[in-house]
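First comes the structure, then the notes that go with it.
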Amino acid sequence: MSQLTQVSQVEIARQKQSFIALRQRLRPASFKEAEVILGQREQVEPEAELTPRIVERLRQRIRDRSNRNSES
């Protein structure tokens, strides 16, 4: 079992600022770059709460969005 560690508000603020600075230094990925990265991810089984119908609806939404972006 994992242990929880309390984090101070100062540390939370420091991490948030660090994350914001990192995001500002990085450029957004292009659609093609994101597609390549997502294509390399590990395929896992969906969570038990997700019914096959929900999974298929989500996959369809992703396909629809992907098709719209590739047409632009």
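The values are calculated or read from the model by the stated rules, or taken from the named source; none is laboratory data. Just so we're clear, the structure is a prediction, and the values are computed from it rather than from any experiment. Positions of Cβ are generated from backbone atoms using ideal geometry, with glycine treated the same way; all protein chains shown enter the neighbour counts. Calculation scope for accessible area: heavy atoms of the full protein, side chains included, ligands and nucleic acids excluded. Shrake-Rupley method; radii C 1.70, N 1.55, O 1.52, S 1.80 Å.
Here are the numbers for this structure:
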| read-out | value |
| --- | --- |
| Long-range neighbours under 6 Å by Cβ, at least six apart or interchain, first residue closer than 20 Å to Glu33 by Cβ within the range 55-72, second in a helix (DSSP H, G or I) and modelled with pLDDT of 80 or more | Asn69/Phe31 |
| Members of the range 50-67 found to be β-branched (Val, Ile, Thr) and open to solvent by 90 Å² or more (accessible area, probe 1.4 Å), listed by number | Ile62 |
| Extreme residue, modelled with the lowest pLDDT, among residues of the range 17-32 that are aliphatic (A, V, I, L, M) and not in a helix (DSSP H, G or I) | Ala29 |
| Selection within the range 33-61 - among the small types (Gly, Ala, Ser) and outside any loop (DSSP other than H, G, I, E, B) | Ala34, Gly39 |
| Flag if Glu45 is loosely packed, with under 10 Cβ neighbours inside 10 Å and either more than 16 Å from the chain's Cα centre (by Cα) or over 27 Å from Ile62 (Cα atoms) (or both) | yes |
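Residues checked against (1) modelled with pLDDT of 90 or more; (2) closer than 27 Å to Arg68 by Cα; (3) exposed (fewer than 10 other Cβ atoms within 10 Å of the Cβ):
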site	(1), (2), (3)
Gln3	no, no, yes
Ser8	yes, no, yes
Gln15	yes, no, no
Ile37	yes, yes, no
